1. Among the residues in segment B:47-57, are any more than 14 Å from the chain's Cα centre (by Cα) and either in contact (Cβ under 8 Å) with a residue 24 or more places away in the chain or not in a helix (DSSP H, G or I) (or both)?
2. Which number in (1) within 16 Å of ligand 1 (Cβ to nearest atom); (2) open to solvent by 10 Å² or more (accessible area, probe 1.4 Å); (3) free of Cβ contacts under 8 Å to residues at least 60 places away in the same chain marks the one condition that B:LEU190 misses?
3. How many of the residues in segment B:148-166 are part of a helix (DSSP H, G or I) and either more than 16 Å from ligand 1 (Cβ to nearest atom) or more than 12 Å from the chain's Cα centre (by Cα) (or both)?
4. (1) part of a helix (DSSP H, G or I); (2) buried (at least 19 other Cβ atoms within 10 Å of the Cβ): which one isn't true of A:LEU363, the others all being true?
5. B:GLN107 fails exactly one of the following numbered conditions: (1) in a loop (DSSP other than H, G, I, E, B); (2) open to solvent by 50 Å² or more (accessible area, probe 1.4 Å). What is the number of that condition?
6. Among the helices (runs of 4 or more DSSP H) confined wholly to segment B:176-251, which include 3 or more residues that are of a type in the set (D, E, K, R)?
7. Condition (residue is crowded, with 19+ Cβ neighbours inside 10 Å, within 16 Å of ligand 2 (Cβ to nearest atom), small (Gly, Ala, Ser) and more than 14 Å from chain A (Cβ to nearest Cβ)) applied to segment B:6-25: is it met by at least one residue?
8. Give A:VAL286, A:VAL293, A:VAL278, A:VAL208 a once-over and let me know the one that is of a type outside the set (S, T, N, Q), in a helix (DSSP H, G or I), in contact (Cβ under 8 Å) with a residue 60 or more places away in the chain and buried (at least 24 other Cβ atoms within 10 Å of the Cβ).
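The values are calculated or read from the model by the stated rules, or taken from the named source; none is laboratory data. These numbers were taken from a predicted model, which means no experiment stands behind them. Backbone-built Cβ (ideal geometry, glycine too); neighbour counts: all protein chains shown. Side chains are part of the model used for accessible areas, which takes the heavy atoms of the whole protein and leaves out ligands, DNA and RNA. Shrake-Rupley method; radii C 1.70, N 1.55, O 1.52, S 1.80 Å.
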Amino acid sequence: MLTATHPERSFSVEPTASDPSGQQLRLHGSLLFPDAATIWSELRTHVDLAARGGTLHLEMSDVQRVDGGVMALLAHLRAELQQRGVQSEFVGAAAALQEIIHLYRGDVVVGERKRRKARGTLDQLGNATLALLHEAQAVLAFLGEMVIAAIGVLRAPRSVNWKELTPTMERSGADAVPIVLLINFLVGMVMAFQAAVQLKQFGANIFVADLIGISMTRELGPLMTAIVICGRSGAAFAAELGSMKVNEEIDALRTMGFGPMRFLVMPRTLALLLVMPVLTLLADFVGVLGGLVVGLSSLDLTSSIYFTELQKAVSLWDVYSGLLKSMVFALAIGLIACQQGLATAGGAEGVGRRTTSSVVITLFTLILIDATFTVLLRALDL
Amino acid sequence: MNPPLDPPLIQVTDLSIGWDDVILQQHANFQVARGDVFVILGSSGCGKSTMLRALIGLERPLAGEVSIEGAVSTRIETGAPPFGVMFQSGALLGSMTVGENIALPLQEWTQLPPPAIFAIVQARLRLVGMQGSEDKLPSELSGGMRKRAAIARAMALEPSLVFLDEPSAGLDPVSAAMLDELILTLNTKLGLTLVVVTHDLDSIFKIAKHCIMLDRDSMSIIASGDPRALRDSSSDPRVHDFFNRSTAHAP
Ligand SMILES: Nc1ncnc2c1ncn2[C@@H]1O[C@H](COP(=O)(O)OP(=O)(O)OP(=O)(O)O)[C@@H](O)[C@H]1O
Ligand SMILES: [Mg+2]
């Protein structure tokens, strides 16, 4: 068997009847790893046919050689047969072969496995719901811990790791400025373009300023910024704390008397809390500029008309409520990211999983908070 | 040793450790005397690290309690740390240099000015044979160096009790022997109590005054006492195999 064009095989499998009640598979030749795939598929067909209560022994007396890989497959198939209630043993193996069989546990008795009933859709749905509730509960518990820690900090401000505040603000705030500006400018522009077509029909060109002004400050400025920060900083926090957790760095910190809440979570969340309103203000501004570009280019407005209308339409409260909302967003992003990061278990893969879930949970929460804000402010007529 | 006069430093009563679905040890009772070098032994995966974490207070026990100096450890992260810990993986903070790692507890828990802290950092590094590495990041160190730096950090605050999880695993024989010397020196000259997890037989016979051996299958402590005596006279085949590096009784 030198090349693929030379299909002569060094092994064969042949089913024979061993005694009236049973069957056996007679194996011949050298069973070696390069042929493993063929051996597997050939044996598979015979194994699948074997019925519960029958026998299917593996007859090895004509086998010259078996290597470890193939032996592992044979032992696996035998164990599977036994689990299904088919009697199966290696028979007729020479002494040398017997040792390999023993090495791969081809001679241990495998008990019959009880079939577990597959779980129904309803079960799975219920479990998934429970898992979600569990996650929500964990985040809320974390919020509680954070509040307690914050109260402690008021009494002993020195206990927070303030050193990390400025670098974190720089990374989550200053470094995010370009992308926040770009995205919000484009969002303002796209919205104005969509509106322009409609507004022109009614000759209501000037109202583009109202539309953009209100929706950027109250809604889109805070939300788009939060989404960007969730993707940038939220993911970064979750991954960073997650890998610290799996490296036992968090445990090491705790044994040195640094609680992760004060040492890691507070500076990060506080940094977001401080930079988010600033970023949101910038976002509001460039969003409005995006609207202006459209107003100038396709709605025949001048910038003074646009800004006068903007001043009439947008109240200070519109901007404030947006900033307030952005701070709640910041809190949610920081808390969820840190909570998920600290809940990481199980190596690099766990870090990846928690980073993903931190972003997903945060996005969901952001939308939830946004909706709550809108409904609440409407209800209070603000 | 006279128990009533000299209460144990660590008292473990009826301790069970594990998680909801896995139980690693049940009803463990032992004590560590002041000035002891106490070694926790056992095959890989039997729960030595978990036992250590339970002693430290990082792992909530399923049942029973651990008290250190008469106080039941509940929340470790409040107040100055009562002991030093070296984790199996070193667990140096990756974002800080070796020097900053060692300086961290000193900055938080002492009133020392920066030059004094620097002096202590250098002295600790010299103790573990890593002088001059204070400006390196943990990622720039070899596995063995990381462990030694972690020992230096565990020693930073001059604790009277130190926990070491497999300090010599992954070190070359000479460094491992040096580490054993270090442990002995700390114990005899400075009166430190050490709780050490290790597999290394040479090191066990050299440093250990007392040991306990954990077993996964029976979920219990299968031997305790002086390792030399256990080697020579234990009738338990599992203990005999361990100390004599044999597999004669392995299943
Ligand atoms: N968070 C966890 N949840 C469930 N099981 C765990 C967890 N952490 C560890 N285990 C399991 O507990 C067992 C004991 O782990 P532990 O780290 O204490 O072993 P060990 O005795 O220190 O081993 P080694 O000598 O290899 O370091 C292992 O089988 C491990 O799979
Ligand atoms: Mg361990």
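1. There is no residue in segment B:47-57 that is more than 14 Å from the chain's Cα centre (by Cα) and either in contact (Cβ under 8 Å) with a residue 24 or more places away in the chain or not in a helix (DSSP H, G or I) (or both).
2. (1)
3. So the count comes out to 6.
4. So the condition that A:LEU363 fails would be (2).
5. (1)
6. B:227-233
7. Looking for residues that are crowded, with 19+ Cβ neighbours inside 10 Å, within 16 Å of ligand 2 (Cβ to nearest atom), small (Gly, Ala, Ser) and more than 14 Å from chain A (Cβ to nearest Cβ), one finds none in segment B:6-25, hence no.
8. Answer to the check: A:VAL208.
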